[in-house]
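Quick one: structure below, then a few questions.
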Amino acid sequence: MTMHPEDLDQLAQARREEEAQYRHRICVCMAAGCLSSGADKVKAALEAGVKERSLEKDVLVKGVGCMGPCAAGPLVAVDIDGVIYHDVTPDDVPAILDSLEGKPVKRLEMPKDSPLFQRQVRIVLENSGKIDPESLEDYVAANGYAALFKVVTEMSPGEVIEEVTKSGLRGRGGAGYPTGLKWSTVAKARGPRKFVICNADEGDPGAFMDRSVLESDPHRVLEGMAIAAYAVGADMGYLYVRAEYPLAVKRLKQAIKQAERQGFLGNNICGSTFSFHVDIRLGAGAFVCGEETALIASIEGNRGQPRPRPPYPAEVGLWGCPTLINNVETFANIAPIIRNGGEWFASIGTEKSKGTKVFALAGRVVNTGLIEVPMGITLREIIFGIGGGIPDGKRFKAVQTGGPSGGCIPEQFLDMPVDYESLASVGSIMGSGGMIVMDETSCMVDVAKFFMEFCMTESCGKCVPCRVGTVHMYNLLDRMTKGLARMEDLDLLEELCDMVRHTSLCGLGQTAPNPVISTLRYFRDEYEAHIKDKICPAGVCQMATAEVYA
Amino acid sequence: MTPTTAQQARVKTLKINGRDVSASGDQTILEVARENGIEIPTLCHLSGLTPVGACRLCLVEVKGVNKLLPACVTRVHENMEVFTDSERLRKYRRMVLEFLFTERNHICAVCVSNGHCELQSLAQQQGMTHVRVPYLYQKLHVDASHPRFKVDHNRCVLCTRCVRVCDEIEGAHTWDVFHRGIKARVITDLNQPWGTSETCTGCGKCVHVCPTGALTEKGVSVAEMAKRRQFLPYLTMMREERG
Amino acid sequence: MSSNKVKVATVWLDGCSGCHMSFLDMDERLVELADKIELVYSPLVDMKEFPEMVDVTLVEGAVASVEDLHKIRKIREHTKILVSLGDCAVTSNVPSMRNPFKLEDVLSRAYLENADLNQQIPQEVIPKLLPHARPVHELVKVDVFIPGCPPSADTIYFAISELLEGRIPELSDKTRFGA
Ligand SMILES: Cc1cc2nc3c(=O)[nH]c(=O)nc-3n(C[C@H](O)[C@H](O)[C@H](O)COP(=O)(O)O)c2cc1C
Ligand code: SF4
Ligand code: SF4
Ligand code: SF4
Ligand code: FES
């Protein structure tokens, strides 16, 4: 079916009118977090309640995507921008329905003036928690596919790239490479065919930013990929999703089908000569398969192992063809950039880091969950504002960003702006958006050991420094946490960090020492306490009692 | 020839360790260095097999590039300035070797490859007189099920030369890598005993490209297993002709 | 006993004595060395206690038992330059072949499964084994490493001559693991 501009408007209009008929809309979060705490039962109970009271014409109950404060789920929002109820159970349904014409149910209400909501800026998550992720019409009613439409009917590929370049968007997969530059490289590269890949492997422990976008707003990612394909001249795209995300996969499959049916994907998109097909590939959950060359090898059906770069995938990628590979969140930013212009996007954030970043806030903070903040916000605002500070009267100690490739940032940098350069300057990285807050009960040696264990087990084993070096670093850290290490071991550990960082083949090995390096930089005394005094200041590590022949 | 390869094939001039050398544009730093008698240590690389850049022994410094680059896979550029030998590189190379000696159980004195082993000679060349990191003492198997050959995983350095020669030259693809990280090891077929392999043609190429005492012929005693590599130059020639 | 000769000791831990044999293989050069060094402690001379301070101690063998460990710690304290002589001292070599196995399994294999008579794990006389046979430098600081199984008499002679000249010997063109 071919789409015309009027059709798109009509589709959107029809959906908006349909919703306007209802006096109340009750949105139930159906993203993985809330589902796991029983959101589906709450939704069923709401639907049954509405039916019982014969309110079907007045009250719409719909499933939506992630609202953010996942730890407080199941979450239910009554009327958009109205109240949000937390920890809802089917037993709360009568109270919620009773209150529709009156005052909200106090005991379930999340405080609306909470900084949790106030300080966020939503671009990537603009539709999350508002639209039904399983409905293309809902997405279209929220201006969905308008950007794709504009691109294929009014813009040249060069203009698209220019807009993205102007926006200053940088890759959200970790390294922060300028997206416009990457697109123009792929556009210029020559090859028999080109591909676009969306990296949805999201392997960092505790990270769920990409999953949430895919589960809450899958069409947004497809739209971003299609625009990218148009800009670089690709006709085929792959979404590489980890198999541990069945809900994301299900919604993506559904979304692809819907988009194909409406002519947003497939041949002659929106009636133009541009064709673009998208297929899903499942990753088996190896962290290293998120590395772009390993991911490509995996799609090709080979062992998921990185290869040396250059050549970069932009020149030699999937099946040897020029390939654009971007992260989910990167693609999710594209449609709003096209709709509102690159300059609009560039007006948000800092000099070198534009737009927003989605973080999965976790650890020792009052409010955990998914947040989207403008670049340049301070760590303090995130942790003590949005996050509500440290619970149980404990003291803040450090915040870990960037997962196993990142570092721990101590208190003295809390007022530092969150942007790529600032985080790097204190020995951490932006990474893909994991943010773990630690208080005085966390042992920094233990934290370093945790991340090293992760890298050790996730190393692909191809290159010597990472395969063997991570084991040695882990063993040394393990000895330290058991009070069995000597001071010479600390020097050796630093030497190993330096060597593994500079000689490993891919980013996994190159960044594996980061958690150690950063904790050594700011918490060296803790290491020394474990070694010299055989005590763990945080009281986490169990020191060995028997003498072991060291 | 497409325009890009024509361009790449043009003669380039560059400096290695301060010496002016010339190269054709599709050559790697390693090839050019060796042509000019400049030694760069290698282990996973073997002329005639696809380079993989895995062992990291051949890392070199290139002026203006802040990362170390593997000479075996990095192509030369016009005016490139390469340094193959520095205190830092020597230290890293020794550490790579130390890692390999700690990873598995290398007991040269009782090894069939004693005196004919690339790992052993690399340690000697690089002045690695002892290992400063604790040995891991992994418990590993020996598979002697094949009538003529055996694989001793205690001596394997995971260079994957066997995997590549079997796949790229013999076309049998008997070998592959199994598991990941420190648990990675080479396997025959789908992790079946070598002797029961239905794909192995018994050509022995893997045995002779293996740099260490991991793949050997049966019936040889300590220090007797010298590898016959005479066929290697033909591999390179054949592959170059095939393009 | 006071002479201005350099005091040298040799010790034998968990090794096969091959390195000491190689030492003796220096033959007539031993006579020459005898002008410059005094062998103050060695399995080759009759001396029960390790002297107060020795200039150079050559160690053969890995550290495999509690006794080896006590010995090497003491020797380190009383030695200026400690030399790991041979692969067993440098890498723990052949004694390390038991290391991938659990100590109990090694002992029961040796003293129970493979014993014809008197099947029991010895509790006395034989020193208690450490969980792993270890290279000397993993337990005490070592100053010079002479790989080889055994290092040749030429290598040992060269190394000692260099030490006598006050230099740390550079041996990579002379010996290697397994040489
Ligand atoms: C070990 C490793 C794991 C990675 N995992 C991911 C991942 O899960 N998701 C992702 O988008 N990028 C990941 N990356 C980064 C990708 O290689 C690549 O840079 C990124 O997908 C490019 O997209 P961007 O430019 O939009 O950031 C990983 C990199 C490394 C080295
Ligand atoms: S750095 Fe680690 S993950 Fe990357 S290629 Fe080397 S072994 Fe594999
Ligand atoms: S494979 Fe080489 S390094 Fe390993 S034990 Fe044998 S000779 Fe020594
Ligand atoms: S068996 Fe030999 S050739 Fe194969 S990976 Fe191991 S060391 Fe390399
Ligand atoms: S020879 Fe280049 S990485 Fe191994």
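Which of the residues belonging to region B:78-111 are more than 21 Å from C:VAL90 (Cβ to Cβ), in contact (Cβ under 8 Å) with a residue 40 or more places away in the chain and touching a strand residue (DSSP E or B) at 6+ places or on another chain (Cβ under 8 Å)?
Across region B:78-111, the qualifying residues are B:GLU78, B:ASN79, B:MET80, B:GLU81, B:VAL82, B:PHE83, B:THR84.
Picking from C:PHE101, C:PHE145, which residue would you name as being open to solvent by less than 40 Å² (accessible area, probe 1.4 Å) and aromatic (Phe, Trp, Tyr)?
Values: C:PHE101 fails: open to solvent by less than 40 Å² (accessible area, probe 1.4 Å).
Being open to solvent by less than 40 Å² (accessible area, probe 1.4 Å) and aromatic (Phe, Trp, Tyr) holds for just one of C:PHE101, C:PHE145, which is C:PHE145.
Among the residues that make up region B:188-211, is at least one of them in contact (Cβ under 8 Å) with a residue 12 or more places away in the chain, within 16 Å of ligand 2 (Cβ to nearest atom) and open to solvent by 20 Å² or more (accessible area, probe 1.4 Å)? Reasoning before the result, please.
In the first step, residues of region B:188-211 are kept if they are in contact (Cβ under 8 Å) with a residue 12 or more places away in the chain; the result is B:188-189, B:191, B:193-197, B:199-211.
The next check asks that each one be within 16 Å of ligand 2 (Cβ to nearest atom); those that pass are none.
No, every residue in region B:188-211 fails to be in contact (Cβ under 8 Å) with a residue 12 or more places away in the chain, within 16 Å of ligand 2 (Cβ to nearest atom) and open to solvent by 20 Å² or more (accessible area, probe 1.4 Å).
I'm told B:THR160 meets every condition in (1) crowded, with 22+ Cβ neighbours inside 10 Å; (2) away from chain C (no Cβ under 14 Å); (3) on the phi < 0 side of the Ramachandran plot; (4) not hydrophobic (A, V, I, L, M, F, W, C) except one. Can you identify the failing condition by its number?
Failed condition: (3).
Just to be sure I understand, how many residues within region B:75-101 are at the interface with chain A (Cβ under 10 Å from one of its Cβ atoms) and either open to solvent by 60 Å² or more (accessible area, probe 1.4 Å) or within 16 Å of ligand 2 (Cβ to nearest atom) (or both)?
Number of matching residues: 9.
Restricting region A:442-470 to residues that are of a type in the set (Val, Ile, Thr) and open to solvent by less than 10 Å² (accessible area, probe 1.4 Å), which is farthest from the other protein chains (Cβ to nearest Cβ)?
For region A:442-470, the residue satisfying everything is A:VAL445.
A further question follows. Answer yes or no as to whether C:PRO95 is within 13 Å of chain B (Cβ to nearest Cβ) and touching a Phe, Trp or Tyr at 6+ places or on another chain (Cβ under 8 Å).
So C:PRO95 does not fit the description; no.
What do you reckon, is A:PRO336 surrounded by fewer than 24 Cβ atoms within 10 Å (Cβ to Cβ), in the same structural domain as A:GLU215 (by TED's automatic domain parsing) and without any contact (Cβ under 8 Å) to a residue 12 or more places away in the chain?
No: the conditions fail for A:PRO336.
While we're looking at this one, here's another question. Could you please find all residues in region C:7-28 being touching a helix residue (DSSP H, G or I) at 6+ places or on another chain (Cβ under 7 Å) and open to solvent by less than 60 Å² (accessible area, probe 1.4 Å)?
Hits for region C:7-28 are C:THR10, C:VAL11, C:LEU13, C:ASP14, C:GLY15, C:SER22, C:PHE23, C:MET26.
Which residues, counting only those in region C:112-129, are surrounded by 10 or more Cβ atoms within 10 Å (Cβ to Cβ), under 21 Å from C:LEU13 (Cβ atoms) and not aliphatic (A, V, I, L, M)?
Passing the criteria: C:PRO122, C:PRO127, C:LYS128.
Can you find a residue that is modelled with pLDDT of 95 or more and more than 30 Å from B:HIS45 (Cβ to Cβ) anywhere in region A:456-469?
Checked region A:456-469: no residue is modelled with pLDDT of 95 or more and more than 30 Å from B:HIS45 (Cβ to Cβ).
Name the residues in region A:472-499 that are within 21 Å of C:LEU139 (Cβ to Cβ), within 16 Å of ligand 2 (Cβ to nearest atom) and either in contact with a His (Cβ under 7 Å, 6 or more places away or on another chain) or open to solvent by 10 Å² or more (accessible area, probe 1.4 Å) (or both), would you?
A:LEU496
Residue by residue, here is whether (1) assigned to a loop (DSSP other than H, G, I, E, B); (2) away from ligand 5 (no atom under 16 Å from the Cβ); (3) not assigned by TED's automatic domain parsing to the domain that holds B:ARG19 holds:
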position: B:LEU57; (1), (2), (3): yes, no, no
position: B:VAL60; (1), (2), (3): no, no, no
position: B:GLY64; (1), (2), (3): yes, yes, no
position: B:GLU78; (1), (2), (3): yes, yes, no
position: B:LEU97; (1), (2), (3): no, no, yes
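Continuing with this model, one more query. Got a sec? Which of B:LEU59, B:LEU43 is more than 7 Å from every other protein chain (Cβ to nearest Cβ) and in contact (Cβ under 8 Å) with a residue 12 or more places away in the chain? Steps first, please.
Working: B:LEU59 fails: more than 7 Å from every other protein chain (Cβ to nearest Cβ).
Answer to the selection: B:LEU43.
Something else: Are any residues in region A:70-79 surrounded by fewer than 24 Cβ atoms within 10 Å (Cβ to Cβ) and in a loop (DSSP other than H, G, I, E, B), and if so, which ones?
A:ASP79
Tell me which residues, restricted to region B:50-72, are among the aliphatic types (A, V, I, L, M) and buried (at least 22 other Cβ atoms within 10 Å of the Cβ).
B:VAL52, B:ALA54, B:LEU57, B:LEU59, B:VAL60, B:ALA71
For region A:222-247, give me the residue count where each residue is closer than 20 Å to A:ASP204 by Cα and touching a strand residue (DSSP E or B) at 6+ places or on another chain (Cβ under 6 Å).
Residues that pass the stated criteria total 5.
Follow-up question, since we're still on this one. Specify the residue that is farthest from the other protein chains (Cβ to nearest Cβ); the eligible residues are those in region B:164-187 that are in contact (Cβ under 8 Å) with a residue 24 or more places away in the chain and among the acidic types (Asp, Glu).
Taking the candidates together, the pick is B:GLU170.
Yes or no: A:THR503 of a type in the set (S, T, N, Q) and open to solvent by less than 20 Å² (accessible area, probe 1.4 Å)?
Criteria met by A:THR503.
Restricting attention to region A:205-253, report how many residues are outside any helix (DSSP H, G or I) and not β-branched (Val, Ile, Thr). Before you say what the answer is, go through the steps one by one.
The first filter runs over region A:205-253 and keeps only residues outside any helix (DSSP H, G or I), leaving A:205-208, A:217, A:233-245.
Checking which are not β-branched (Val, Ile, Thr) leaves us with A:205-208, A:217, A:233-240, A:242-245.
Residues flagged as outside any helix (DSSP H, G or I) and not β-branched (Val, Ile, Thr) within region A:205-253 amount to 17.
What is the residue count in region A:135-187 for residues that are part of a helix (DSSP H, G or I) and aromatic (Phe, Trp, Tyr)? Break it down stepwise before answering.
Step one: list which residues in region A:135-187 are part of a helix (DSSP H, G or I), which gives A:136-141, A:146-154, A:157-167, A:179-187.
Those still in the list that are aromatic (Phe, Trp, Tyr) too: A:139, A:149, A:183.
Here the count works out to 3.
Exactly one of these conditions fails for A:LYS57: (1) closer than 25 Å to A:ALA142 by Cα; (2) assigned to a helix (DSSP H, G or I); (3) of a type in the set (D, E, K, R). Give me its number.
A:LYS57 satisfies every listed condition except (2).
Looking only at region B:140-163, decide whether some residue is of a type in the set (Gly, Ala, Ser) and touching a residue at least 12 places away in the same chain (Cβ under 8 Å).
yes
Sort out which residues of region B:118-151 are open to solvent by less than 20 Å² (accessible area, probe 1.4 Å), within 11 Å of chain C (Cβ to nearest Cβ) and in a loop (DSSP other than H, G, I, E, B), and write them in order of number.
Result: B:MET128, B:VAL131, B:VAL133.
Sticking with this one: From the list A:PRO310, A:PRO306, which one is part of a loop (DSSP other than H, G, I, E, B), in contact with a strand residue (DSSP E or B) (Cβ under 9 Å, 6 or more places away or on another chain) and either open to solvent by 10 Å² or more (accessible area, probe 1.4 Å) or within 14 Å of chain B (Cβ to nearest Cβ) (or both)?
Working: A:PRO306 fails: in contact with a strand residue (DSSP E or B) (Cβ under 9 Å, 6 or more places away or on another chain).
A:PRO310 is the lone residue from the list that is part of a loop (DSSP other than H, G, I, E, B), in contact with a strand residue (DSSP E or B) (Cβ under 9 Å, 6 or more places away or on another chain) and either open to solvent by 10 Å² or more (accessible area, probe 1.4 Å) or within 14 Å of chain B (Cβ to nearest Cβ) (or both).
Something else: Name the pairs: first residue in region C:112-136 and under 30 Å from B:LEU136 (Cβ atoms), second residue assigned to a loop (DSSP other than H, G, I, E, B), Cβ to Cβ under 6 Å, at least 6 apart or on different chains?
Cβ pairs passing all conditions: C:LEU112/C:GLN119; C:LEU130/A:TYR549; C:HIS132/C:ASN99; C:ALA133/C:SER92; C:ARG134/C:SER92; C:PRO135/C:SER92; C:VAL136/C:VAL142.
The values are calculated or read from the model by the stated rules, or taken from the named source; none is laboratory data. Keep in mind the model is a prediction, meaning the values are calculated, not measured. With ideal geometry, Cβ positions are generated from the backbone for all residues, glycine too; neighbour counts draw on all protein chains shown. When the accessible area is computed, the model is the full protein with side chains, heavy atoms only, and any ligands, DNA or RNA have been set aside. Shrake-Rupley method; radii C 1.70, N 1.55, O 1.52, S 1.80 Å.
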